[in-house]
Every structure is written in structure tokens, then in C-alpha cells.
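Read-outs throughout are calculated quantities, based only on the coordinates presented, and are distinct from any laboratory measurement. Since this is a predicted model, take the numbers as computed values, not measurements. Glycine also receives a Cβ, built like all others from the backbone with ideal geometry; neighbour counts cover every protein chain displayed.
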Protein chains: 2
Amino acid sequence: MAEQGITPRATDYSQWYLDVIAAGELADYSPVKGSMVLKPHGFAMWEAIREDLDRRFKETGHVNAYFPLFIPVSFLSKEAQHVEGFAKECAVVTHHRLRACEGGVEPDPASKLEEPLVVRPTSETIIWHMYGQWIQSWRDLPILINQWANVVRWEMKTRPFLRTSEFLWQEGHTAHATREEAMEEAVRMLHVYESFAREVLALPVVPGTKSASERFAGADETYTIETMMQNGWALQAGTSHFLGQNFARAFDVTFQDQNGERSFVWATSWGVSTRLIGAVIMTHSDDTGLVLPPRMAPVQVVVTPIWKGEEERARVLAFAEEVRAALAPHVRVKVDGRDNLKPGAKYFEWERKGVPLRLEIGPRDLEKRSVFAAPRFGGGGKFGIAFDALVETVRAKLDAMQADLLSSAEARREARTHRVASYDELKARVEDGGFFLVPWCDDAANEATIKEETRATLRCYPIDAQAEAAGRTCFYSGRPATHMAIFARAY
Amino acid sequence: MAEQGITPRATDYSQWYLDVIAAGELADYSPVKGSMVLKPHGFAMWEAIREDLDRRFKETGHVNAYFPLFIPVSFLSKEAQHVEGFAKECAVVTHHRLRACEGGVEPDPASKLEEPLVVRPTSETIIWHMYGQWIQSWRDLPILINQWANVVRWEMKTRPFLRTSEFLWQEGHTAHATREEAMEEAVRMLHVYESFAREVLALPVVPGTKSASERFAGADETYTIETMMQNGWALQAGTSHFLGQNFARAFDVTFQDQNGERSFVWATSWGVSTRLIGAVIMTHSDDTGLVLPPRMAPVQVVVTPIWKGEEERARVLAFAEEVRAALAPHVRVKVDGRDNLKPGAKYFEWERKGVPLRLEIGPRDLEKRSVFAAPRFGGGGKFGIAFDALVETVRAKLDAMQADLLSSAEARREARTHRVASYDELKARVEDGGFFLVPWCDDAANEATIKEETRATLRCYPIDAQAEAAGRTCFYSGRPATHMAIFARAY
């Protein structure tokens, strides 16, 4: 794999992002338009995300299941807003066989499907069809199911991790007897996402609700976590939807309550995707390459032995193995004992792969029974650690690095959250990026005009800021404010 | 969910299988022809399989990655046997948008793809295209990648878990510098599958090689593990392929060796799927429902508290929780504290879900600080366990139950492996099921005739039996035997 330079952020932020991905060997372009290949290091990041989130889902009472990849087109049409939202980006299966033709193979016309199938862009329709079979009475509720799956939303303009035709995600789909319970669930999962993003990914996300125009197709309310990239743009990192009774009505899913009355079932759905990897890259990485929060790093510590000659090699490797064994119960550690690469080349590689802590071991360290620690970020340079203090020091350093990433990201977000007084001020400053927190009178037409004129979108009504709206006037229309809103350029 | 009777095996083995799946809430039919829904209990079995196998793959040096779901049709054609093998069962994507039409939506003709895409039936072609970009020199080898994914092979006649259009699996794809190394890898993974099947699933599989007619489309050698169902039919439970240089030639993947010479890369691929769940059901279950080997059971021990009245309830539940907490570090345990179900109904449900050990706790057990254990299978009836001996006794019992399932299955296989002397004998007995182990002279035409006349197929050349072939004559042709072969009816 060819060596790859990294364009500095200041020169070209978009190119920098692509370079970090290539240099870190996270993903590669594929011959299928819009699809990418998740290379082992990138996929390991997804595994780390999946493992931690899956535990959080199970702790909140959810179980996993698996529903079909294909959805009959007629299902999509059953919920009017849903089909409106997804029809334009569906991969459609029309045949089930190939036949030989000049120069290759082609769909066999004799195998044309009576009803075409779409590759799931999301699974509400097929899942609510099944829930219709499974739910008869209040005893069958709630259903708290999550699915880890691939989905396809056809995209013309793609960007690795952030926007691809096929992506990996999880989608929770829950069914409840009451409106209140469904609402509670939607909010609970928003907070699961929020804590996961803060604690594991070091992303200081802003939880909020979406305006009607930005809601999921088929939802009564969409909750979102929005996060700020280093260029000041926003990224929607996860959503949780209160679906009301919309899908229950579309698929005629009712239940008998304890009084013998039948009502429609209440629903939520919620999801995060491989997009989170894009958020992590864009939030924390630097001009040297990938920077990973220790808690999500597939490898947290890499031990790089340095030797000259066979005899030294054996001794250094033995000590490296001792170091690995001491750390292994506590952190994800790996010894890089490759003998066809010089130490400098190894450092270079692990830096670009974002491994938080490198421990160098040379013959002199061996004598002192100590290692030399080189943190990937945070300044302060290298420092020695005595073997006896190894576990404690390494764990403390990783914790400190994790906290450092979160507080840096938080400080950046604070510094670039602007409380502008007028629409003119937003227009003047929007090119520089940042979150614009403004009093706002909910109005879809005004929202569309602002998007048109500034390319900034209404990211969310941040939950924590709503009290501020009282008694203020909308920065755009001058009418009484209904919300505090964040506008920003977004990926 | 409606209550579901289970047809006895003796009455109708096929219906029994479907009934066990329904009663155990493992899977459900979906509105998409050929696709099934994996319900939470069935999916948890897949999670248990995935977790254990994934650890074994990583221990043998493999990493996970993810490649696109869609494959351009032209890729399939590049390997002649491969396209021959898969063209007849491919879901083909031809459009990327829907448009409104009378009564719903239809593929938008304006969105027709220039080149149709197939939904991967397996990923050799797309992966070897990528390996072509990644491999330049011997330093880039070996590549040891595995992928957990969904695949689609269009099926007209389906059976849950055993044969469905979409299924979940893992596919390993490795690239090597030498023929020997690739061969070693193919055999290594065969043995990983074999030990996993024996140790975790309690399946006494027979490892062997496939005859040329039963090989994977594009392989030079296919290794298989074959296992016997309770009706004496065979099931192919996993395969590992030595692909030679076939895919490297098709996708022009060469590397420069240490002497500066270029050669084609050597390949393997290997996979197991949700089919393993079908094998477990058909091997171990009984007329009461699902039986699960303890090591793969998502819940190994269920604690069912029994009480009358509120005061008793609180005390019994408190002790049940004590029992759970004591066991939790060692086994997967769950308390069934539902108060809208009578104990008998709970027993019935957990029996049908195959939970190996049920611990009943009533008020009298409380006083004695003991529990009453009811094993799901193995005879011997219920027995008491004092709290102090709980962990030790439960672990020993689960281990014994695991061993018991394996030895029963092994005994059944031994009893029904027939060394028949002539083709007439095979024809006379084949209806009764069983493995027919015979001396055989490799011949594709004879193999086809036997299949035609008896519906028995050549399952494998069992590795351990090959020495026996020396000096014997083929049971069918009378020519000198080249192999010992197993013929059997198969799923």
C-alpha cells in the first residue's frame, strides 16, 4: 500500500479528511458507485462502537433480532410520508436470475419479479408488518427490539463514512401500549446516545429536537444529537424518533388493553451508523493523521521494541512480552515485533492509525526495567515509566487523554457557538462555520429561505437552551420566539 | 403469540422441525418470499455462535473487515465456474429510484443502472478485486480477513435456517504467497470449524473433502464438515476452500516475491452460516421442543420463583436474586419474575426454548436455603442443591449435559453409519437414512447416476477413513477404490 501524504487542515479541510482515512487505512473506495470498503482498522472502530452500544441497549432491556434485507415496494407506500422520504434513493431488485449474453451476463427476463423489492433504506415497514402478527394484547407489549444491519440509500455524492449508499448501522424499533411510554423510550435512547458519544467517543454532542422539516419521514418528533466538526460544521450523529401511531395505522397494528378495548400501538425507532466514525475522525484528528479517543481505540497501547542484532532482539522482545502481559488484563495492547520495518517506520504507521499510547523499549530500558512512553496527542512529550508503575501510569494516562479530547472538543464548540442578534449577522459569519444559537419562531417557509440563502440548516432545538426563548423575539421574523434554535452548515 | 403444538418426530420429522422453531420462538416467516425473520431467541443463538467463532478467528490471526453488498454483474463473469455456479440464484438490482404510479410506486425507468448489480451470493469477486489494489509485494502477504455479513442466494424451496434466500454468515478470504501456505490455511480453518462444532454445538461432525462435482464454484479443493441429523440425513455444516490461483488469475492479482519475480497470489475462502442453528435444532431437540447445548445456550439457567401472596413474593424474589448473583459470574442466568404467568406456564415456555437448567425456588426452599434443579434433558429427574454448593453443582451439571449431548449424537452417528458391501444394499437401505461409508472409485458420471437413482449424494471423503481405501474395490464400479466415501440423503 503506497505511502500517503496528509494535506494540512488549514490548506483543505475536505482533502485532509480523505487523507486521514487513507493514511490510517480505515476505508477504501470500491468499484461499486457510492459503496466503500471498511478496511480492518476502520472496521475495528465499528466493532468497538457496536460492542459498547450493544451493552447499553441490553442494559436498558432491549434484545437483538434480524429482519429481511428486502422490502416489497408496496410496503413503502403504506405510510405516505415514509415513501415520500425514501422513494428517491432506493436500490430496486427486479430479477432473481442472470443469463449468459454477449460478453457476459444480464438479468434473465424470465426471472422478473411480480413485485419489485427494495433493499431496506430503514426497516420500519417490514418490522411493523411483523409486529402486526406478533401483537394481540397488552401482554405482548412492550416490544424492545434492536437490529444491527446494513442499509442502502442511493447517493450520488458520497463521502466516506459520512454519506455512502450502503452503510452499517443499528436500528431500534419499539412498540408500546401508551403514548407516554413511547415518548419516554425515545428520550431514553437519545440519552443513551448522548452518554455514549460523550463517554466513549469524546464527542460533546448537543441533544435536541428537530424542526418539522428536518424530521424523519413518518415521525411525530425526531430527537437528535448534533456535534461540531473542527471546521465548525455540524454533523447529525444519531437520531431517536417518536413515531406516534403512524406505522401502527399504516400496518393496522392494534392491541387489546386490560379493559378489553382495542387501540393502535405506539412506536419509536432510533439509530446510529458508521457515520459516527466520520464524526470521531473530523473532531479529534490532526495534521499527522488519525487521533482516537482511548476508550474506542481498537489498540490503545502499542509496544515497539528496538534492537540491534539477534541476541539483543531476543532479550528486548522478551521484555516487550512481559510488558504486554502486565497490561493485557487492563488495556488493549499489542506488541509490534515485525522485523522487516525500522522503529521509525513503525512509529509513523501507528501515529497515522491513531493509537493513543506508544511504549518504546530499547536495550537500555531493559536494564532499568522501564519503558519510554510517547502519547499520540496532548503535548508534554515522552516520559519514562518504571515497570512497577506500568499499569497504574498507563491507565491514568489513557484516562487523562480521553478527558483531554472531550474538554478540547467542548472548548472548541463553546468558542464557536455564536449568539447572533440578527439574520444579517448570521449571513455575515456563516462562512466561517460555527453553531448559531438564536431565538426563533417556528416557521417552515422561513427555515427554507434561510437554507436557500445561507446553506445553513436548522440543526436542532437544543433541549438545555429552550428556557431562554421565553419573552424573546425571533432573530429572523421579529415575531415572539417559540424556540431557541441552532443553525449551522452541516455534513 | 398463539400456543403451538409440536408434532412428534416419529409422526412427521419435517413438521416437527418447523414446530420446534415456532414453539421456541426462534424464527418467523416473512412477507418476502424465501426470507425469514430471526426472532430474538433465534438471533441470540446466532450471537452465541458469532462470539465464540470470532474469538477463534482472532486467535488464529484473522481480522474483520466489510466489503460492499453489491457486486457489478461483470465481476461474476470473470471466473467461469463461479458465474456458472451462482448466476441462477442472484437477486439483481437494476434501478436506483422509485416513482409514483397508479396504486403505489414502481422502479423509475429513468434510474436504470448502466450495469446491473447483484446482491452478493458470496464475496470472492469483489474481495479479489480489492486485493488486486492492496497487494504489490510479498510484504503485503498474507492477508487474513473475515467478514460477518448477509448474503442472498435466491431459493424457490426454502426451509427455515437450512435454506433461505437471505442468510447470515461469515466468510473468510485469505491471500498467500505460496500454495502450501494457502493449503495449510484451508485445513486450519476446517479444524477450527470442527472443534467449534464439537466443543460448543455438540455436533460430532465428520471432516472430509468434497468430490469434484460437489466443490464450491471456483475452488480447487473443498473441505467440509458433515453432520448427521436425527432422521439419519446429512447436513453440510461448514466449508473451507482452497481456491488455488483461480481468483488471482481472474482479477489479475500478482505479487513480487523476495527475488523480484511476480506470481499469482494463492487463495482460500471459508464460511459457516445460520444453517448451524438448523443443525443444532435437528440434532439435539426432542418432542417437547428445543434442546440447546449449554455452551451455546443464550440463557443457560433460568430461575423460576414460586410464591403465594405479596409477602412470600418479596422473600422468594430476594432469594432468587441471591441465586442469580451467585451464578452470574459463571453462567448465563436469568430470573423469570413475571407475575402474570403461573409457574407451570413458565416451565412450559422455557422447556420449549431449550434452556438447559431450570432452578425452582419456593417458600420451603427458602427456609432450607436450597433450590430444586430441573434439567431440560438427560433423564434422572429433579434434584435439590444447597446454596453453598450452587455454583459448583450447576457448572458440573451443565458440563455433564454438554458432554451427554455430544456422546448421544456420536452414538447415533456410529449406529447409523453403514459399511455396505454393494450398491444394491445401499439402494435397499437408503430410505431409512444413515451415512453409507463405502470404497469408491472417483467418477463424476457414476456419482450423478447414484444421485439420480437414490437421491443420495456423495457427502465427503472423510479424512480419517482414507487409509482404509487401499487395496479395496469400488462398491459401485468394481474398479480399484481411490477413496472411502460417505453417501447419504442430505438437506
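Summary of values
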{"read-out": "MRE, 222 nm, helices only [DSSP H, n ≥ 4, -39500 (n - 2.57), over chain A, to nearest 500]", "value": "-10500 deg cm²/dmol"}
{"read-out": "Footprinting exposure proxy for A:MET183, B:MET484 (fewest neighbouring C-beta atoms within 10 Å first)", "value": "A:MET183, B:MET484"}
{"read-out": "Orphan Cys of chain A, criterion: no other Cys C-beta under 4.7 Å", "value": "A:CYS90, A:CYS101, A:CYS460"}
{"read-out": "In order through the stretch B:458-466: 3J(HN,Hα) via Karplus (6.51 cos²θ - 1.76 cosθ + 1.60), integer Hz, x for Gly, Pro", "value": "7, 6, 5, 9, x, 4, 5, 9, 4"}
{"read-out": "Estimated FRET transfer efficiency when R0 is 56 angstrom, pair B:GLU102-B:SER213 (beta carbons, to 0.05)", "value": "0.70"}
{"read-out": "A:HIS330 versus A:ASP140: modelled label distance in nm, points set 7 Å from Cα along the beta carbon direction", "value": "5.2 nm"}
{"read-out": "Ranking of A:MET228, B:MET296 by count of other Cβ atoms within 10 Å, fewest first", "value": "B:MET296, A:MET228"}
{"read-out": "In degrees, nearest ten, helix B:275-284 long axis to first principal axis of chain B (Cα)", "value": "50 degrees"}
{"read-out": "Added length on full extension, which subtracts the Cα-Cα distance from 0.36 nm per residue, A:GLU115 to A:ARG369", "value": "84.4 nm"}
{"read-out": "Label distances, nm, B:THR158 versus same residue in remaining copies, Cβ-directed 7 Å point", "value": "2.7"}
{"read-out": "Chain A: angle of helix A:309-327 to the longest principal axis, Cα-based, in degrees nearest 10", "value": "40 degrees"}
{"read-out": "Pairwise FRET efficiency - A:GLU47 versus B:GLU310, Cβ, R0 = 41 Å, nearest 0.05", "value": "0.35"}
{"read-out": "Pairwise FRET efficiency - B:ARG163 versus B:SER195, Cβ, R0 = 30 Å, nearest 0.05", "value": "0.70"}
{"read-out": "Under 19 Å from the Cα of A:LYS88 - lysines, other chains or at least 8 residues apart", "value": "A:LYS33, A:LYS78, A:LYS157, B:LYS112"}
{"read-out": "Mean separation of Cα contacts under 8 Å, 6 or more apart, over the residue count of the stretch B:281-371: relative contact order %", "value": "43 percent"}
{"read-out": "Degrees, to the nearest 10: B:343-352 long Cα axis against longest axis of chain B", "value": "20 degrees"}
{"read-out": "Other-copy label distances relative to A:LYS368, 7 angstrom Cα-Cβ extension, nm", "value": "6.6"}
{"read-out": "Per DSSP, loop trypsin sites (Lys or Arg not before Pro) in the stretch A:376-485 with at most 16 further Cβ within 10 Å", "value": "A:LYS382, A:ARG419, A:ARG455, A:ARG472"}
{"read-out": "Exam field: B:THR11 pseudo-label spacings to other copies (7 Å along Cα-Cβ), nanometres", "value": "7.6"}
{"read-out": "Centroid-to-centroid separation of the stretch B:370-404 and the stretch A:286-349 [C-alpha atoms, Å]", "value": "46 Å"}
{"read-out": "Hz values of 3J(HN,Hα) by residue in the stretch A:118-124 - Karplus curve (6.51, -1.76, 1.60), Gly and Pro given as x", "value": "9, 6, 3, x, 4, 10, 3"}
{"read-out": "Ranking of B:TRP350, B:TRP148 by count of other Cβ atoms within 10 Å, fewest first", "value": "B:TRP148, B:TRP350"}
{"read-out": "Label-point separation, A:ARG419 to B:ALA421 (7 Å along Cα→Cβ), nm", "value": "9.9 nm"}
{"read-out": "Contact order relative to length of the stretch B:7-74, as percent, for alpha carbon pairs under 8 angstrom and 6 or more apart", "value": "16 percent"}
